Amino acid sequence: MDMIRRIARFLAFLSVALWGALPASAADELHILTSYEADFVSPFLAEFSDRHPEISIFHLNKNTNAAVDELIRGNARQFDLFWASASEAFELLDEHARLADLGFGSHSDFAYSAVGWAWKNTMDLPAPQDWNALLDPAYSGRITMSHPMRSGTTHSLIETILQDRGWEAGWAYLLQLAGQLKSISARSFGVLEGLGDRHDIGLTIDFLALQRADQGVLFRYGRPIIITPARIAALKGGRNPDAAQLFIAFLLSPEGQRILLRPDIRRIPINDGIRAELAESLIPELRAALAFSWSRYDPELARKRYWQVNEVFNTFIARDFLRRRDLWRRLNDLDVRAVQDRAMITQILTHMPVTEAGQRLSVPGRSTLLAWQAESRRLLDAAEARLTAAELRQ
């Protein structure tokens, strides 16, 4: 009954903020821009509303990339807080002087996560054991991931692979993984919603999968486990810094941190004492990753190449996705005795001509993007020509 009361109160406050059914001044409102869906934010907002019933809450869900774009342009809608999983988004906003320090620094880490893949317990294949196992032809056409331009968690997932393997080897892996994909989802939530129906394996972040454990969803961390911080920050130009300060303090308090332990939330708290309550349920590798600084995600590096990574993925994987996937499938069908042909075609299909140093810190210009597109087509043309010749020799 208590939960029903909290939800009802939250919905009432949300309705007030959204539709203006009751009068409220700016001093009585808190406006939050977040990449999180309502299922995640509702328990926090309900608990906060119980503690501060005088504050009406408005929250808008928007994918991380679009939210960053809007806030960099100036926070015209006067949001008080930005709340998301992609830590590099906060580095970008800080670089553009869009964050306000209300006594917590420019931003606050509130939870940890790490990436891997999810599947349903009804899948008719053994689950992949590691990142390289996802390249097994047995999983061809059975994997889905989302686009980093539409999903901050996917951007973090791609960065995790790049930070672990290095720029060239990381993109070589991702270009080969593209050949295994059934589709590229518009949002990270679509990766999990389609499990068992549209695809069998979804690349995702832990908490999104673990929230669906009661639906038969299983999750495995990619090794090595690289810990990513989720963050919240106050925004310059917000209408209610006092309410923003109260909410951040609540989220970091033991009461706010304990909400992260709920089965429908399943995040790793930043608070050591609260996290200790999870100790026995954390796998040993995850406990070890939390203990060592070298296993931490580098949001500063991710910030420096944020636009570059998004555009490289879009140009070399998403734009010609169907063609690239078809070439990989034809290559997998090529006679195994054609060793030299297979090696040469693989080299072409996994080559990333864009260097890590180029185009950092800013959105690549039109001329650069056109050059990348031309280079992508040239590589695909070369791979297809060699593949066709090899097929004719069989």
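The values are calculated or read from the model by the stated rules, or taken from the named source; none is laboratory data. No experiment lies behind these values; they were computed from the predicted model shown. Ideal geometry is used to build each Cβ from the backbone, glycine not excepted, and the neighbour counts take in all protein chains shown. Note: areas computed on protein heavy atoms with side chains; ligands, DNA, RNA excluded. Shrake-Rupley method; radii C 1.70, N 1.55, O 1.52, S 1.80 Å.
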Most positive-pole-ward Cα, V339, T64, Y139, against dipole of the chain from beta carbon charges: V339
Degrees between helix 152-165 axis and first principal axis of the chain (Cα, 0 to 90, nearest 10): 50 degrees
Nonlocal amide H pairs with A100, under 5 Å, H built at 1.01 Å: A234, L235, K236
Residue-wise HN-Hα coupling along the stretch 266-276, computed from phi with Karplus coefficients 6.51, -1.76, 1.60 (Hz; x: Gly, Pro): 6, 10, 8, x, 6, 6, 4, x, 5, 4, 4
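In deg cm²/dmol, rounded to 500, what helix-only [θ] at 222 nm does the chain give when every DSSP H run of at least 4 residues adds -39500 (n - 2.57) and the total is split over its residues?
Counting only the DSSP helices, I get -14000 deg cm²/dmol.
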Placed amide H near R296: partners under 5 Å, 5+ positions off or other chain: I227
Long-range HN-HN contacts of S106 with modeled amide H, under 5 Å: none
Note, ³J(HN,Hα) from phi for the stretch 65-73, Karplus 6.51, -1.76, 1.60, rounded to Hz, x at Gly and Pro: 4, 5, 5, 4, 4, 5, 6, 4, 6
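To the nearest 20 debye, what charge dipole does the chain have about its Cα centre, counting +1 at the Cβ of each Lys and Arg and -1 at the Cβ of each Asp and Glu? Walk me through the numbers on the way to the answer.
Numbers: 45 positive and 48 negative charges, 182 e Å.
I would put it at about 880 debye.
Within the stretch 88-143, what whole-number % of the accessible surface is contributed by carbon and sulfur, with the 1.4 Å probe and all protein chains included in the calculation? Write down the numbers at each step before the final one.
Numbers: 970 of 2170 Å².
For the stretch 88-143, the apolar C and S fraction of the accessible surface comes to 44 percent.
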Gap separating the Cα centres of the stretch 61-81 and the stretch 316-356, nearest whole Å: 38 Å
Ordering of 63-76, 217-230 by packing [mean C-beta count within 10 Å, highest first]: 217-230, 63-76
The chain: relative contact order as a whole-number percent, Cα under 8 Å and 6+ apart: 20 percent
Å² per residue, accessible surface of the chain at 1.4 Å: 42 Å²
In nm, spacing of pseudo-spin labels at R198 and T368 (7 Å Cα→C-beta vector): 3.2 nm
Mean Cα-pair separation over length for the stretch 227-358, i.e. relative contact order, pairs under 8 Å, 6 or more apart, %: 16 percent
Whole-percent carbon and sulfur share, accessible surface of the stretch 314-372, 1.4 Å: 52 percent
The stretch 117-269: relative contact order as a whole-number percent, Cα under 8 Å and 6+ apart: 30 percent
Candidate aspartates and glutamates for bridging to K120, where Cα separation is under 16 Å - those fewer than 8 sequence places away on the same chain excluded: E193, D197, D200, D206, D214
Degrees, to the nearest 10: 2-19 long Cα axis against longest axis of the chain: 80 degrees
Dipole axis of the chain (+1 Lys, Arg; -1 Asp, Glu on Cβ), positive-most option in A38, V115, S253: V115
In order through the stretch 239-256: 3J(HN,Hα) via Karplus (6.51 cos²θ - 1.76 cosθ + 1.60), integer Hz, x for Gly, Pro: 8, 9, x, 5, 5, 4, 4, 4, 5, 4, 4, 5, 4, 8, 6, x, 5, x
Charge dipole (debye, nearest 20) of the stretch 268-336; +1 at Cβ of Lys and Arg, -1 at Cβ of Asp and Glu: 380 debye
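Rounded to the nearest 5, what is the percent of antiparallel bridges among the DSSP beta bridges in the chain?
Taking every DSSP beta bridge within the chain, about 60 percent pair in antiparallel fashion.
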